[in-house]
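Everything below concerns the one structure shown next.
The values are calculated or read from the model by the stated rules, or taken from the named source; none is laboratory data. A quick note: this is a predicted structure, and the numbers were derived from the prediction, not measured. With ideal geometry, Cβ positions are generated from the backbone for all residues, glycine too; neighbour counts draw on all protein chains shown.
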Amino acid sequence: MNALGWLKVALFAVSLVPFVRLVVLGFGGKLGANPIEFITHSTGFWTLTFLCITLTVTPLRRLTGWQWLVRLRRMIGLFAFFYAVLHFVTYVWFDQWFALDDILADVWKRPFITVGFVAFLIMSALAFTSTHWMKRRLGRRWSRLHTLIYPTIILGVLHFWWLKQDKNDLSEPWLFAWIVAALLLFRVLLPYWHRLFPKHKRDQRRAATVMQQATARIAGRPDPLQPGRSTRRH
Amino acid sequence: MLIRNPDSLHPAASEITPQAVYRDRRRLLAAAGIGLLGLGAAGRADAQQSVTGQSSLARLPAKPSPFSTMEKQTSFEDASTYNNYYEFGTDKSDPARYAGTLQPRPWTVSVEGEIARPKVFDFDDLLKLASQEDRVYRMRCVEGWSMVIPWVGFSLSELIRRVEPTGNAKFIEFVTLADPKQMPGVRSNVLDWPYVEGLRMDEAMHPLTTLTFGMYGGVLPNQNGAPVRIVIPWKYGFKSGKSIVRIRFTEKQPITSWGRAGPTEYGFYSNVNPTVDHPRWSQAAERRIGEDGFLQRKRKTLLFNGYAEQVAQMYAGMDLRTHF
């Protein structure tokens, strides 16, 4: 197995830690006085955290130049979905016992549940279309579809915000809101990245020159990977 | 409309206490009868294994109370580690974690306002004011969970009678300690400190309203409102102020801390009522903490938390939707 393979295994193991912790605490009877609340809060927290990590991949790749980071992103996103499924199942099964009347009344009464449910539906669609096969099938539309991660995370923070409003304590939702705002701001500033970081721009220009020279050297022969295109700016 | 339910104090068949628990309870009552409520060392292990549990804090001898429910009691561990006490943080595990800094002695309670005999009570005098009773009450939190807790205390009316309220005394206000040195949460601005709660005079005089000094046979743990708190079993838990330093009799309805934080959400009365929802969630059902473990469904919430027979007449003719 190559280095990236090992890294994926390690990431998988680390991502399972919050789940394993819940299982260990659960069998040890250590989930506190209200285990269902504990599990709901914990899985909700990790869903939001993993969503934030997926959105950190692109900025981190830009800052470090580590392109391979993007190859870990799908797993991180699927772990966000994994914790969202646990969160959702805990609510529908152990909190409400599939009592549809109660659930509908609850959704009506508490808009934060509606918001969370919408976010969960979008995440399901993203998880469903996360395979290589689906990516190939959807082509260009795939990227467009997966920009839905942005509304998802905003709904997720809103869900948490409205929940914590019941306790009159918004310190944790604020923290997530700031992190998400910073990650979204990065995307807004991305087109101006080269101007904001001139050093990087110089490197880019140098890279482009090298590419041009290389292309000139093999002039006449079409690029086998990118027919019709010799250079491509990132 | 109020519906008087004469069965409100009697458990449904499904709620009947198992025999093992009942036997244990009989032993407890017998022990109380001979003034040994704090069980001997030999009995302790048993008691801890039972659902009752025992406080490990200093004993507080008391006689049994006719107001007690026979329902299965929440374990001492759950009742002392799952608390809302914002002066120590908003997470339910915060009070147990951080309340160690609270100094429950020396302690005084200033009783003042519209009364003939205002007085600053030393805690020990207050403790001896009337005979202590074991009162097992249901406790329903506005958040949708509940417990059954054996409190130790006496009716607040015992104190009220002794300070002789004037004709102007229409309400009573309870003020909780707010010392940032002892209470880390007071530095945050989640609520206006000090924590203020209040009752109408007839509610305060109601025998169920308890000036509380202990629980589970011992003195109150800090996180449960040591050294003295109020317990009003037919109202949502937040009405029952903890670590009381001042009791004031007023002509005007007090402005409570939660009332100030959310006037449309936390009414002055805040009587437990399954048909009057909080604006953001239903109050129809509740999760009984520690009830047969993880897979227990929620139970239906009872009007006035099951104390309708005792308290409903105080609200006769009032629209409980307006006076939520």
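In this entry, A:Phe38 passes the filter for residues that are of a type in the set (Phe, Trp, Tyr), more than 28 Å from A:Leu148 (Cβ to Cβ), within 13 Å of another protein chain (Cβ to nearest Cβ) and buried (at least 18 other Cβ atoms within 10 Å of the Cβ). For the criterion of being in contact with a helix residue (DSSP H, G or I) (Cβ under 8 Å, 6 or more places away or on another chain), aliphatic (A, V, I, L, M) and farther than 18 Å from B:Val228 by Cβ, B:Met139 fails. Suppose the filter is buried (at least 17 other Cβ atoms within 10 Å of the Cβ) and charged (D, E, K, R); does A:Arg73 pass it? Here the answer is yes, as A:Arg73 does meet what is asked. Within the range B:290-324, the set of residues being at pLDDT 95 or above and in a loop (DSSP other than H, G, I, E, B) comprises B:Thr301, B:Leu302, B:Tyr307.
For B:Pro274, the test of being touching a residue at least 24 places away in the same chain (Cβ under 8 Å) and farther than 19 Å from A:Lys109 by Cβ is failed. Does B:Tyr82 satisfy being within 14 Å of another protein chain (Cβ to nearest Cβ) and either over 13 Å from the mean Cα position of the chain (by Cα) or within 18 Å of B:Leu177 (Cα to Cα) (or both)? Against the criterion (within 14 Å of another protein chain (Cβ to nearest Cβ) and either over 13 Å from the mean Cα position of the chain (by Cα) or within 18 Å of B:Leu177 (Cα to Cα) (or both)), B:Tyr82 qualifies. Each residue in the range B:43-60 was checked for being part of a loop (DSSP other than H, G, I, E, B) and either touching a helix residue (DSSP H, G or I) at 6+ places or on another chain (Cβ under 8 Å) or at pLDDT below 85 (or both), and 7 pass. When you check B:Arg287 against the structure, is it in a helix (DSSP H, G or I), more than 14 Å from the chain's Cα centre (by Cα) and either among the β-branched types (Val, Ile, Thr) or within 14 Å of another protein chain (Cβ to nearest Cβ) (or both), yes or no? When the stated conditions are applied, B:Arg287 does not pass them.
To keep it simple, each residue is scored yes or no on (1) surrounded by fewer than 24 Cβ atoms within 10 Å (Cβ to Cβ); (2) closer than 12 Å to B:Gly198 by Cα.
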{"site": "B:Ser240", "(1), (2)": "yes, yes"}
{"site": "B:Ser243", "(1), (2)": "no, no"}
{"site": "B:Gly262", "(1), (2)": "yes, no"}
{"site": "B:Glu265", "(1), (2)": "yes, no"}
{"site": "B:Pro279", "(1), (2)": "yes, no"}
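Scoring B:Phe154 on the criteria (1) in contact (Cβ under 8 Å) with a residue 60 or more places away in the chain; (2) among the aromatic types (Phe, Trp, Tyr); (3) more than 14 Å from every other protein chain (Cβ to nearest Cβ) leaves a single failure, condition (1). Residue pairs whose Cβ atoms lie under 6 Å apart, separated by 6 or more positions or on different chains, with the first residue in the range A:173-188 and over 23 Å from A:Leu163 (Cα atoms) and the second of a type outside the set (Lys, Arg), are A:Phe186/A:Pro59.
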